[in-house]
Amino acid sequence: MIIEYIVCKNKAEAEKIANNLLKKRLIACANLFPINSLYKWKGKLQKDKEFVLIAKTQKNKSQSLEKEVKGIHSYEIPCILQVNVKANKEYERWLKNELKK
């Protein structure tokens, strides 16, 4: 099981991406959180309020997920991080079943 950590410009974009990924069965579940981001972009320090989308899926879905996110994301270079995780076996079973349907 993996978690995809995707930073979005706002809640509406995070929801749009999550709904798209859920409909295409690329993820089984998504969580959205408001965040404050500090970073340098094109040589200038930026401070933004953004939303992070945490998407739960399987490793074999990651390439399709990344392609899908890049196709609808508003950022020139979206942040799409992949984290390998271990979950309780009941949750992993549920996730696998959701991605099969």
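The values are calculated or read from the model by the stated rules, or taken from the named source; none is laboratory data. Worth saying up front: this structure is predicted, and the values here are computed from it rather than measured. We place every Cβ from the backbone using ideal geometry, glycine too, and count neighbours over all the protein chains shown.
Overview of values
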quantity: Any hit, the stretch 44-52, residues being out of contact with any Phe, Trp or Tyr (no Cβ under 8 Å at 6 or more places or on another chain) and within 18 Å of Ile17 (Cα to Cα); calculated: yes
quantity: Where Lys9 falls short, out of the listed (1) under 25 Å from Lys96 (Cβ atoms); (2) touching a residue at least 60 places away in the same chain (Cβ under 8 Å); calculated: (1)
quantity: Complete set of residues in the stretch 17-46 that are in contact (Cβ under 8 Å) with a residue 60 or more places away in the chain and not in a loop (DSSP other than H, G, I, E, B); calculated: Cys29
quantity: Residue in the stretch 7-33 that is farthest from the chain's Cα centre (by Cα), counting only those that are more than 19 Å from Leu95 (Cα to Cα) and surrounded by 19 or more Cβ atoms within 10 Å (Cβ to Cβ); calculated: Glu13
quantity: Some residue of the stretch 34-56 being within 14 Å of Val7 (Cα to Cα), out of contact with any strand residue (DSSP E or B) (no Cβ under 7 Å at 6 or more places or on another chain) and surrounded by fewer than 10 Cβ atoms within 10 Å (Cβ to Cβ); calculated: no
quantity: Residue within the stretch 68-80 that is modelled with pLDDT of 95 or more, assigned to a loop (DSSP other than H, G, I, E, B), within 15 Å of Ile3 (Cβ to Cβ) and within 14 Å of the chain's Cα centre (by Cα) present; calculated: yes
quantity: Scope the stretch 47-62; condition part of a helix (DSSP H, G or I) and either modelled with pLDDT under 95 or not charged (D, E, K, R) (or both); matching residues; calculated: Asn60, Ser62
quantity: Leu65 vs. criteria under 10 Å from the mean Cα position of the chain (by Cα), at pLDDT 95 or above and in a strand (DSSP E or B); calculated: no
